[in-house]
Amino acid sequence: MIQRDADTIEVRAEERIDTARLEPYLREHLDGADGPLTVRQFGGGHANLTYLIRFGEREWVLRRPPLGPVAPGAHDMRREHRVLSVLHAGYPLAPQAYLLCTDASVIGADFFVMERRHGIAFRRDIPPPWRDRADVLRGVGESLVDNLATLHAVDPASVGLGELGKPEGYVERQVNGWIERWYNALTPDVGAAEPFVGWLRQRIPQSRRTALLHNDYKLDNTLLDAENPAQTVAVLDWDMCTRGEPLMDFGELLALWGEKGGGAEHLHGRMPTWHDGFFTRRDAAERYARKSGADMTDLHWYVVFNYFRFAVILQQIYIRYVRGQTTDERFKEMGAAVNAVVERGLALIDSGDI
């Protein structure tokens, strides 16, 4: 029997919510908010703060941005609510959002409330008993690739998202935007990565397709069925969803896809896909190409770009720790992790591989 709240923790002291203001707001605006209120925290994320809200026996999930200043356009609760209020109709793995609050006097930031889905998450490693089940892990990898291809096949207009984002010039804006974020978040113990930045700017590919993008699609942003993890229960964390070139999404998935014997298991944030049963990156790319019909000519660039993007994301988290905006000890060693990701990305440029 899976413990009901095994994936939650007591709310961290610095991340507590003022329930004196939140509770009456939810009772007024959220259908079914009856009975005593309890609040716990989902402890696995590194950026947005996510809480389990329970009134009596009914459960919801509350999402808000991280504490302290955030990068422009990041951690956008209004965008995530907009997407999740409609996307479930065409992509059932997206949980449904019910309520958006933009009144900062309630908890100090925008937040939204969505349905809770029950499942397990594979994060830094595969838990027993699944670690030794190559047949199940093969299915996990297949679902991970197939579910992304399915998302990219959804017609944005059919779910009310035909005007989301600005697909024209999307790739170039992404390059320039993440480079700017990098320089804004640098700390003295992290290198400047000039060769990385120059290579990306000089080789920006032309976009070939437009699709709905999750924009942070990876194994630990999915919930898996506790009895059969090859079945996906939900895809989470939609605050950067937009329309653009779908190889941006798939390039991130491959950039995080660890392979056996490649040292990937020692690189912070890589998916634990080096266990027996998972595809190689090359096999994953071939499956995605078959499922999506995508032209994969520029895949190498998109994988390299996502190494850089991941380094920036880690650095933005790390600088919050350096500035004292969070005391979460998980973030203490992220400066070294950022340098490792940059070095790996530069090596990938030299190899020409994915």
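The values are calculated or read from the model by the stated rules, or taken from the named source; none is laboratory data. Please read all numbers here as calculations on a predicted model, not as lab measurements. Every residue, glycine among them, receives a Cβ derived from its backbone with ideal geometry; neighbour counts consider all protein chains shown.
Let's see how each residue does on (1) of a type in the set (Asp, Glu); (2) without any contact (Cβ under 8 Å) to a residue 24 or more places away in the chain:
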| residue | (1), (2) |
| --- | --- |
| CYS101 | no, no |
| ALA104 | no, yes |
| GLY108 | no, no |
| GLY119 | no, no |
| VAL136 | no, no |
| ASN147 | no, no |
| GLU163 | yes, yes |
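Yes or no, residue by residue, for (1) within 18 Å of the chain's Cα centre (by Cα); (2) small (Gly, Ala, Ser); (3) buried (at least 20 other Cβ atoms within 10 Å of the Cβ); (4) closer than 25 Å to PRO66 by Cβ:
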| position | (1), (2), (3), (4) |
| --- | --- |
| ARG116 | yes, no, no, yes |
| PHE122 | yes, no, yes, yes |
| ASP125 | yes, no, no, yes |
| PRO128 | no, no, no, no |
| ALA134 | no, yes, no, no |
| LEU137 | no, no, yes, no |
| GLU142 | no, no, no, no |
| VAL145 | yes, no, yes, no |
| HIS152 | yes, no, yes, no |
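Could you list all residues from the range 129-150 that are assigned to a helix (DSSP H, G or I), of a type outside the set (Ser, Thr, Tyr) and farther than 15 Å from LEU219 by Cα? Before you say what the answer is, go through the steps one by one.
Looking only at the range 129-150, we keep the residues that are assigned to a helix (DSSP H, G or I), and these are 130-132, 134-150.
Imposing the further condition that a residue be of a type outside the set (Ser, Thr, Tyr) reduces the set to 130-132, 134-142, 144-149.
Result: ASP132, ALA134, ASP135.
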| remark: Counting only residues that are part of a helix (DSSP H, G or I) and of a type in the set (Asp, Glu), the range 314-354 contains a total of 3
| message | Taking the criterion of being buried (at least 20 other Cβ atoms within 10 Å of the Cβ) and among the aromatic types (Phe, Trp, Tyr), would at least one residue in the range 95-114 satisfy it? | response | yes
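Residue by residue, here is whether (1) among the hydrophobic types (A, V, I, L, M, F, W, C); (2) more than 18 Å from the chain's Cα centre (by Cα) holds:
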position: ASP189; (1), (2): no, yes
position: TYR217; (1), (2): no, no
position: THR222; (1), (2): no, no
position: ALA230; (1), (2): yes, yes
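Yes or no, residue by residue, for (1) loosely packed, with under 13 Cβ neighbours inside 10 Å; (2) at pLDDT below 95; (3) within 20 Å of GLN96 (Cα to Cα):
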{"position": "ILE17", "(1), (2), (3)": "no, yes, no"}
{"position": "ARG21", "(1), (2), (3)": "no, no, no"}
{"position": "LEU52", "(1), (2), (3)": "no, no, yes"}
{"position": "ARG58", "(1), (2), (3)": "no, no, yes"}
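Rundown of residues vs (1) of a type outside the set (Gly, Ala, Ser); (2) surrounded by fewer than 18 Cβ atoms within 10 Å (Cβ to Cβ); (3) more than 25 Å from LEU348 (Cα to Cα), yes/no style:
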site	(1), (2), (3)
GLY162	no, yes, yes
PRO167	yes, yes, yes
TRP178	yes, no, no
ARG203	yes, yes, no
ARG208	yes, yes, no
ALA234	no, no, yes
ASP237	yes, no, yes
| request: Search the range 177-206 for residues that are at positive phi and pair each with any residue that is surrounded by 12 or more Cβ atoms within 10 Å (Cβ to Cβ) and of a type in the set (Val, Ile, Thr) when their beta-carbon atoms are under 7 Å apart and the residues are at least 6 apart or on different chains. | output: ALA193/VAL342
| field | Residue count, the range 8-48 (criterion: within 24 Å of MET240 (Cα to Cα), among the hydrophobic types (A, V, I, L, M, F, W, C) and in contact with a Leu (Cβ under 7 Å, 6 or more places away or on another chain)) | value | 1
